[in-house]
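These notes are about the structure you will find just below.
The values are calculated or read from the model by the stated rules, or taken from the named source; none is laboratory data. What you see is a predicted model, and the numbers here were worked out from it, not measured in a lab. We place every Cβ from the backbone using ideal geometry, glycine too, and count neighbours over all the protein chains shown. What goes into the accessible areas is simple: the full protein's heavy atoms, side chains included, and nothing from ligands, DNA or RNA. Shrake-Rupley method; radii C 1.70, N 1.55, O 1.52, S 1.80 Å.
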Amino acid sequence: MEKEKKSAPRAKFYVEQQHWAVQTAIIFMALSAVFRIVGCWGKWDDPFFAATQIALPLMCNILFILCLVLLGKKALWLTAVPVILGVVFFIIKSFTFDSWLHTVLCILLYLLVAVLYTGTVFGIIRTKWLLVPLFGLPFLYHIFVEDLAALRDTANPVTLSAGLQEISVLCVMLALLFTAIAMKKKKPQTEVELPKMKAPKVIAPNRAEKAAAGEKPEQSPKTEENKAGDSK
């Protein structure tokens, strides 16, 4: 019979705090929080805006930094919590876009980020390289398409508040990009096969002692019935 093939174990990713990419990710995530606070300064009168566009992204910034610093090597999968919360922030923000098509496409992108990032840090997706274009390409699109077009629009100039909030979003993208670059996969432990041992022989105690002394074991005495049968 053929042996059943064992399913491959999940990949285990981690990051080292001393890695340059981790340090860069922490810096960009902290800068994102700073630009968010300055860009939204004085706009906390609206409770919904204050909760979803100020408090929520700031909480994501802080949680992500803490997870990288304290748990990056042991439990990187916990970074999925601030990432998913960040996806909620971006989805709410997308409803303020002028185009419904742009809103739908962005929501699909955000959901893809949640699925791919969570699947990677939990080891279901066994490679980190899907995350690099996932964060890198939208960053380039923001810079060279959306942001340049906004800067050239003299009819509707970009306000300082909107500009700082956009920089905050770009910092988040860069932080996630550098985190993906810093991810390392733990090598699976190979199972060592132990040598097979023969079953031990069981020796009766009396025979074992006589065998050790070099004597032949005595034969069991015949019963009286057997002796009577032999004489006949």
Among the residues of the stretch 75-87, is any modelled with pLDDT of 95 or more, farther than 19 Å from Phe13 by Cβ and in contact with a Gly (Cβ under 6 Å, 6 or more places away or on another chain)?
no
Does Leu105 satisfy the condition of being under 19 Å from the mean Cα position of the chain (by Cα) and either part of a helix (DSSP H, G or I) or under 22 Å from Gly72 (Cβ atoms) (or both)?
no
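Rundown of residues vs (1) part of a helix (DSSP H, G or I); (2) open to solvent by 70 Å² or more (accessible area, probe 1.4 Å); (3) of a type in the set (A, V, I, L, M); (4) farther than 18 Å from Gln23 by Cα, yes/no style:
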{"position": "Leu70", "(1), (2), (3), (4)": "yes, yes, yes, no"}
{"position": "Ile84", "(1), (2), (3), (4)": "yes, yes, yes, yes"}
{"position": "Val87", "(1), (2), (3), (4)": "yes, no, yes, yes"}
{"position": "Ile91", "(1), (2), (3), (4)": "yes, no, yes, yes"}
{"position": "Asp98", "(1), (2), (3), (4)": "no, yes, no, yes"}
{"position": "Leu111", "(1), (2), (3), (4)": "yes, yes, yes, yes"}
{"position": "Thr118", "(1), (2), (3), (4)": "yes, no, no, yes"}
{"position": "Ile143", "(1), (2), (3), (4)": "yes, no, yes, yes"}
{"position": "Leu177", "(1), (2), (3), (4)": "yes, no, yes, no"}
Candidate set from the stretch 34-64 (those that are hydrophobic (A, V, I, L, M, F, W, C) and open to solvent by less than 40 Å² (accessible area, probe 1.4 Å)); member that is nearest to Thr179 (Cα to Cα)
Phe64
Could you grab me the full set of residues in the stretch 147-175 that are free of Cβ contacts under 8 Å to residues at least 60 places away in the same chain, part of a helix (DSSP H, G or I) and exposed (fewer than 13 other Cβ atoms within 10 Å of the Cβ)?
Leu148, Ala149, Leu151, Arg152
